[in-house]
1. Whether any residue in region 328-349 is out of contact with any Leu (no Cβ under 8 Å at 6 or more places or on another chain), at pLDDT below 95, within 19 Å of N107 (Cα to Cα) and open to solvent by 60 Å² or more (accessible area, probe 1.4 Å) is what I want to check.
2. In region 188-210, is there at least one residue being within 16 Å of the ligand (Cβ to nearest atom), assigned to a loop (DSSP other than H, G, I, E, B), under 20 Å from A97 (Cα atoms) and in contact (Cβ under 8 Å) with a residue 24 or more places away in the chain?
3. Please specify each residue of region 49-78 satisfying the condition of being open to solvent by 10 Å² or more (accessible area, probe 1.4 Å) and of a type in the set (D, E).
4. Test T379 against the stated conditions and say whether it is surrounded by 21 or more Cβ atoms within 10 Å (Cβ to Cβ) and under 21 Å from N107 (Cα atoms).
5. Anything in region 228-275 that is open to solvent by 40 Å² or more (accessible area, probe 1.4 Å) and within 16 Å of the ligand (Cβ to nearest atom)? List them, or say none.
6. Among the residues of region 277-299, is there at least one that is assigned to a helix (DSSP H, G or I), buried (at least 22 other Cβ atoms within 10 Å of the Cβ) and touching a Pro at 6+ places or on another chain (Cβ under 7 Å)?
7. Select the strands (runs of 3 or more DSSP E) contained entirely in region 63-181, then report the ones holding at least 3 residues which are within 13 Å of the ligand (Cβ to nearest atom) and under 21 Å from P207 (Cα atoms).
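The values are calculated or read from the model by the stated rules, or taken from the named source; none is laboratory data. These numbers were taken from a predicted model, which means no experiment stands behind them. Every residue, glycine as well, gets a Cβ built from its backbone with ideal geometry; the counts of neighbours run over all protein chains shown. These area figures cover heavy atoms from the full protein model, side chains too; ligands, DNA and RNA do not enter into them. Shrake-Rupley method; radii C 1.70, N 1.55, O 1.52, S 1.80 Å.
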Amino acid sequence: MPSPSAADLVNRPSPSSFDLTADQQAVLDQADRFARAEMAPLQQRMDDEEWWPPQVMPALARMGYLGVTAPSELGGADGDFFTSGLIAQALGRANPAVSLSYIAHENLCLNNILRNADDSIRRRYVPRLCDGTAIGCLALTEPGAGSDALGAMATTARRDGDHYVLNGTKLYITNGPVADVILVYAKTDREAGAKGISAFVVEKGFPGFKVAQKLDKMGFRGSVTAELVFDDCRVPAANRVGAENKGVAVVMSGLDLERAIVAMINLGMAERAFDLALDYARTRRQFGKPIGEFQMVQAKLADMYVLVETIRTFCYRTMAAANELEVGGGGRGDIHKLTAACILYAAEGCTKVVTEAVQIFGGAGYMRETEINRLYRATKLLEIGAGTSEIRRLIIAGELMKG
Ligand SMILES: Cc1cc2nc3c(=O)[nH]c(=O)nc-3n(C[C@H](O)[C@H](O)[C@H](O)COP(=O)(O)OP(=O)(O)OC[C@H]3O[C@@H](n4cnc5c(N)ncnc54)[C@H](O)[C@@H]3O)c2cc1C
């Protein structure tokens, strides 16, 4: 076999590389240009009105950003998980709410279906999720089951002939108010705890499904969030994803990927907050000079720079490792620990960067309509969603103690 050329080596993604390949950089740059031109201008109305712009998914589809990991025969881009993370990073810079909704659609719903469902489900749902005519979401959390999502799950699915009948309530579901395709978890064996959970694809038109309410949030506004109710909701048995009572593997493997890719929103947000603060420090003048000439402001900028660089390095390393996660893998071991650590660091680091940026903006940063204020109201969510900081620490420590 001929040895690879230098160009091949430069372009080959590697879990050990410290930076993006030329191809990956090109994807990020293109997504960045698109997000600035088409997604950033939507921010203000989304924030003011909790408004989901209907043009977003078609625009993402036109760019080839939906179904990145799906095969071309299903309408996808034949790409990899890392690439979808770069798109999330670019969207996170220009419009974090779109980035969150993108991940709920692309990763939590589409990629999960792709990895875990049978061919018939994939053929029925993946093409519509790829061309943007259907919006996807994932419904795991319930009013009584958040951090203990599996153990405390109360939603049930009872087999009735060639259907299942679902009953229960799901809470805080991203994209829920506008979703056409809902990947939902329910207990098929109430006595078996986490080993009695199954996954189903529900369509919004199925009898017994309804959006109970759209929720009003402090940040990420416009990435719409819902309470969903399943009231004797009849779901064809053919829509069960994976084997009965084997949903826990779908959840756990999906959660590792979710944590890795959600950290990419943090990366984009931290980069943006840093850029805004640096620009302000150079241009805002007090005591006859730019505030960036005062050492206390410089110290903040230096610390923010360190955080942004370390978040980026950790995110890329984690995305590269998660890129290799085989179907059914995850939920335990190194990747479980790594993805929890990455999002823990990225989310808390992002909050520090954004908070310091607001401080550099002074009173202007406290004004609701400013971009930095919007980032400030948003950043807290990523220490809560996809498992809280406390749960992330429990995962890391649990894996460490296994020896
Ligand atoms: C805007 C938004 C979007 C979301 N999108 C989705 C979605 O698309 N799909 C979905 O299924 N879910 C979604 N979620 C739900 C999210 O994953 C949960 O909110 C999260 O897992 C925490 O659950 P909880 O809110 O019930 O908090 P709780 O579990 O009630 O936790 C409350 C506090 O107790 C702490 N705590 C709990 N258990 C322990 C423990 N053992 N040790 C130490 N501390 C503990 C927590 O860390 C937290 O600080 C979303 C949430 C929000 C806010």
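1. Within region 328-349 (the criterion being out of contact with any Leu (no Cβ under 8 Å at 6 or more places or on another chain), at pLDDT below 95, within 19 Å of N107 (Cα to Cα) and open to solvent by 60 Å² or more (accessible area, probe 1.4 Å)), the answer is no, since none of the residues qualifies.
2. No, that holds for no residue.
3. The answer is E49, E73, D78.
4. Taking the combined requirement at face value, the residue satisfies it.
5. Matches in region 228-275: V248, M252.
6. Checked against the condition, which is being assigned to a helix (DSSP H, G or I), buried (at least 22 other Cβ atoms within 10 Å of the Cβ) and touching a Pro at 6+ places or on another chain (Cβ under 7 Å), region 277-299 yields no hits at all.
7. In region 63-181, 136-139, 163-174 are the strands (runs of 3 or more DSSP E) which contain 3 or more residues that are within 13 Å of the ligand (Cβ to nearest atom) and under 21 Å from P207 (Cα atoms).
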